[in-house]
Structure formats: structure tokens, C-alpha cells
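Worksheet: one structure, shown below.
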Amino acid sequence: MLLMSVLTGTFRVKNAAFVNPEDLPKQEMEMKSDPQVERVRRAHLNDMENILPFLTIGLLYVLTNPNKVIASNLYRVAATARIIHTVVYALYPIRQPARAICFFTCYLIEIYMAIMCIIRFW
């Protein structure tokens, strides 16, 4: 997620797509939006909407003292799915179902972890 901010800034400078007048390098330049910058911004927003809840549920899941092999593999698969999702969304757009597969992989892991938390804490 931290790299997405840098990536957004890089694409803004590269494409001269500044949305605030104070960000313009020269006063005579005009503010504009760029589709590539907007795609990276949407990918960053998607990361924030999905990674933060995953980390919260993941923390609760770890507190249930799960099997270490299962827990570590769930984290590995989820992290890999989110990284691939971000890459195929922001950097190298690929037609669906690439993003959907990555999204639902992580989502199903979150559901599993949440169910295990409910079972163990209930």
C-alpha cells in the first residue's frame, strides 16, 4: 500500500496530470486528469478497502492460536493474491476474471478466518 502512493505520484509527474493548482510545476500549465493516474488511484483505494479489514481479521485469527502451517499459508496466499490483484489492476491491466479471481481468493480467506474467530471466541 505504501508503494501505491509513490506510484500515483510518479504517474502524475510522468503524465503531467496535476489536480491541484499548487501542484503545477509551472503556472501556465493546466490541471488535468489522466486515465492511467486514475487507474492507479482506484487500485490504491481498492487496496485500502481490502487490506485493512484483512489485517484486522487476520490479527483476530492469530489470537485464536490457529495451526501455524495453515495460518502462514493463508497469509501467503492472501498476500500473493492482493499483490497480483494490484499489478493486474494498476500496472498491467488484464481482462477479467484475473482481478476477480485474486479478489475472491483473498475474500474467501477472510471469510474463513472470520468464521474461525467466531467459532473460537464464541
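Quick look at the numbers
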read-out	value
Elements of type helices (runs of 4 or more DSSP H) contained in the stretch 27-122, each with 1 or more residues being of a type in the set (V, I, T) and open to solvent by 90 Å² or more (accessible area, probe 1.4 Å)	68-86, 98-121
Matching entry among I84, I115 (being aliphatic (A, V, I, L, M), farther than 26 Å from Q36 by Cβ and modelled with pLDDT of 95 or more)	I115
Test set (1) open to solvent by less than 60 Å² (accessible area, probe 1.4 Å); (2) small (G, A, S); (3) modelled with pLDDT under 90; (4) part of a helix (DSSP H, G or I) - S5 fails condition number	(1)
Flag for T10 being assigned to a helix (DSSP H, G or I), under 22 Å from V88 (Cα atoms) and open to solvent by 30 Å² or more (accessible area, probe 1.4 Å)	yes
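The values are calculated or read from the model by the stated rules, or taken from the named source; none is laboratory data. Every value quoted in this text rests on a predicted model; they were computed, and no experiment measured them. Note: ideal-geometry Cβ built from the backbone for every residue, glycine included; neighbour counts use all protein chains shown. What goes into the accessible areas is simple: the full protein's heavy atoms, side chains included, and nothing from ligands, DNA or RNA. Shrake-Rupley method; radii C 1.70, N 1.55, O 1.52, S 1.80 Å.
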